[in-house]
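Reviewing the structure listed below.
The values are calculated or read from the model by the stated rules, or taken from the named source; none is laboratory data. Here the structure is a predicted model, which means the values were calculated and not measured. Positions of Cβ are backbone-derived with ideal geometry, glycine not excepted, and every protein chain shown enters the neighbour counts. Please note that ligands, DNA and RNA were not included when accessible areas were found on the heavy atoms of the full protein model with its side chains. Shrake-Rupley method; radii C 1.70, N 1.55, O 1.52, S 1.80 Å.
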Amino acid sequence: IEIRQEIAADCGNILAEPTQIHQVLVNICTNAAQAMDEHGGTMTVSLGNCSLLAEDLASSPGLSPGEYVKLSVNDTGIGIGQDIIERIFDPYFTTKEVDQGSGMGLAVVHGIVKSHNGMIQVSSNVDQGTVFEVYLPMVDRIHAPDAEAAAPLATGNERILVVDDELTIANMTTRRLERLGYQVTSR
């Protein structure tokens with residue numbers, strides 16, 4: 001799978017919980033990757049500004065016309081049949097095998113987007129791919145707190161045992177803790 005990014009340099013700001021936006025992106029990209037598992041393909045992740053008019057928002061009552069940040073994930077995978085596309089945001093709806101997923105991923109994505117006063121749209125053609133478009137309202141630049149206001153990192157010289165079943169995670173955690181002065185044993 002080839003992954004492409006098209007990020008606008010002048011992309012606007014949104015007011016959002018970063019962890020939730022990460023979850024939106026990961027869920028949509030995971031589905032895109034799974035749609036291309038068998039034959040490969042291209043996933044394009046785009047981010048840019050757009051203006052939405054009242055007619056653009058007809059399917060999303062309660063949203064106001066204006067400036068939005070648009071996140072698009074486009075894949076060249078197997079696509080979604082028209083017979084199921086209306087159900088993909090329903091909780092527990094899945095086309096995957098029993099042990100392959102819960103059917104909650106896109107329902108969670110939909111809930112997060114709605115909670116941020118946004119809109120999500122999907123278009124798809126079988127054997128040609130799928131495009132997910134997430135629109136979130138743009139806000140004026142919000143200033144982050146000054147770096148001096150942040151609390152300093154805790155350091156120490158105690159001994160810590162790091163246990164993880166993933167060697168790379170254990171090694172990364174060990175290095176981070178050692179930089180803070182701790183004596184680390186990793187298993």
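Overview of results
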quantity: Some residue of region 77-97 being more than 17 Å from Glu133 (Cα to Cα) and in contact with a Lys or Arg (Cβ under 8 Å, 6 or more places away or on another chain); calculated: yes
quantity: Hits in region 102-124 - residues which are surrounded by 20 or more Cβ atoms within 10 Å (Cβ to Cβ) and either of a type in the set (Phe, Trp, Tyr) or touching a Ser or Thr at 6+ places or on another chain (Cβ under 6 Å) (or both); calculated: Met119, Ser124
quantity: Test: residue in region 74-97 that is in contact with a Phe, Trp or Tyr (Cβ under 8 Å, 6 or more places away or on another chain), within 14 Å of Gly118 (Cβ to Cβ) and buried (at least 17 other Cβ atoms within 10 Å of the Cβ); calculated: no
quantity: Residue that is at pLDDT 90 or above, over 15 Å from the mean Cα position of the chain (by Cα) and over 17 Å from Val109 (Cα atoms), where the choices are Gly66, Gly62, Gly81; calculated: Gly66
quantity: Criterion (surrounded by fewer than 16 Cβ atoms within 10 Å (Cβ to Cβ), over 17 Å from Lys114 (Cβ atoms), touching a helix residue (DSSP H, G or I) at 6+ places or on another chain (Cβ under 6 Å) and not basic (Lys, Arg)) met by exactly one of Pro65, Pro18; calculated: Pro65
quantity: Boolean, Thr76 is of a type in the set (Ser, Thr, Tyr) and closer than 20 Å to His39 by Cβ; calculated: yes
quantity: Cβ-Cβ under 6 Å pairs, at least 6 apart or on other chains, region 151-162 side within 14 Å of Arg179 (Cβ to Cβ) and at pLDDT 90 or above, far side open to solvent by less than 100 Å² (accessible area, probe 1.4 Å) and among the hydroxyl-bearing types (Ser, Thr, Tyr); calculated: Ile160/Tyr182; Val162/Thr173; Val162/Thr174; Val162/Ser186
quantity: Residue satisfying all of: in region 125-141; within 17 Å of Val45 (Cβ to Cβ) and either surrounded by fewer than 22 Cβ atoms within 10 Å (Cβ to Cβ) or of a type in the set (Val, Ile, Thr) (or both); nearest to the chain's Cα centre (by Cα) among these; calculated: Val134
quantity: Cβ pairs under 7 Å, 6+ apart, first in region 1-29 and within 21 Å of Gln121 (Cβ to Cβ), second loosely packed, with under 15 Cβ neighbours inside 10 Å and among the acidic types (Asp, Glu); calculated: Gly12/Glu67
quantity: Failed criterion for Thr30 (all others in (1) in contact with a Lys or Arg (Cβ under 8 Å, 6 or more places away or on another chain); (2) open to solvent by 30 Å² or more (accessible area, probe 1.4 Å) hold); calculated: (1)
quantity: Tally, over region 33-59, of residues that are under 18 Å from Gly105 (Cβ atoms) and open to solvent by 70 Å² or more (accessible area, probe 1.4 Å); calculated: 2
